[in-house]
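Notes follow once the structure below has been shown.
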Amino acid sequence: MIAFKRQALVNVKTARQIGEGIGIVVDERRFRANIYLNLNHAGGFAENVYAGESYGLARRLCSRYSNDPRCKMITLDPETTEPQAELLRTVTKGHAGTAWVYGPVLIEGTVARGDKIEVLE
């Protein structure tokens, strides 16, 4: 088991939406999350509903989330390290410089592929 002090959640559809807006394919690994969500019921930026709330994954891992201010690192392609400055400009202009959510881990536990995320409060 890997213990994280901070948990970052990225919806893979958010990365796709940003890429479509600037005409490139965006690899979600640019955002350095430790948990990737596939929110089938919603589009990009749907993970923002978790900001300000405590949630659990598989009832074992809990956090109080906030929006994640993005930095220049998201402009670097994880395979080639080629920069794409338009990515950060898009997040800054269209989403107040924040994308994805993160928060401290309150209760450690094991998270597996397919686990559900749920409101705890």
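None of the figures in this text is laboratory data; all of them are computed from the coordinates on show. Everything numeric in this text was worked out from a predicted model, so none of it was measured. Don't worry about glycine lacking a Cβ; one is built from the backbone with ideal geometry, like all the others, and counts go over all protein chains shown.
Structural remarks
- Considering segment 1-16, the residues that are basic (Lys, Arg) and not in a loop (DSSP other than H, G, I, E, B) include one that is nearest to GLY114 (Cα to Cα), namely LYS13.
- Of GLU118, GLU82, all but one fail to be loosely packed, with under 13 Cβ neighbours inside 10 Å, in contact with a strand residue (DSSP E or B) (Cβ under 6 Å, 6 or more places away or on another chain) and charged (D, E, K, R); the exception is GLU118.
- Looking across segment 33-47, the residues that are crowded, with 20+ Cβ neighbours inside 10 Å and outside any loop (DSSP other than H, G, I, E, B) come down to LEU37, GLU47.
- Residues that are part of a loop (DSSP other than H, G, I, E, B) and without any contact (Cβ under 8 Å) to a residue 40 or more places away in the chain, drawn from segment 77-114: THR80, THR81, GLU82, ALA96, GLY97, ARG113, GLY114
- Residue match in segment 4-22 (condition: at negative phi, surrounded by fewer than 13 Cβ atoms within 10 Å (Cβ to Cβ), in contact with a Pro (Cβ under 9 Å, 6 or more places away or on another chain) and touching a residue at least 12 places away in the same chain (Cβ under 8 Å)): yes
- Residues being part of a helix (DSSP H, G or I) and farther than 30 Å from GLU108 by Cα - total across segment 17-32: 6
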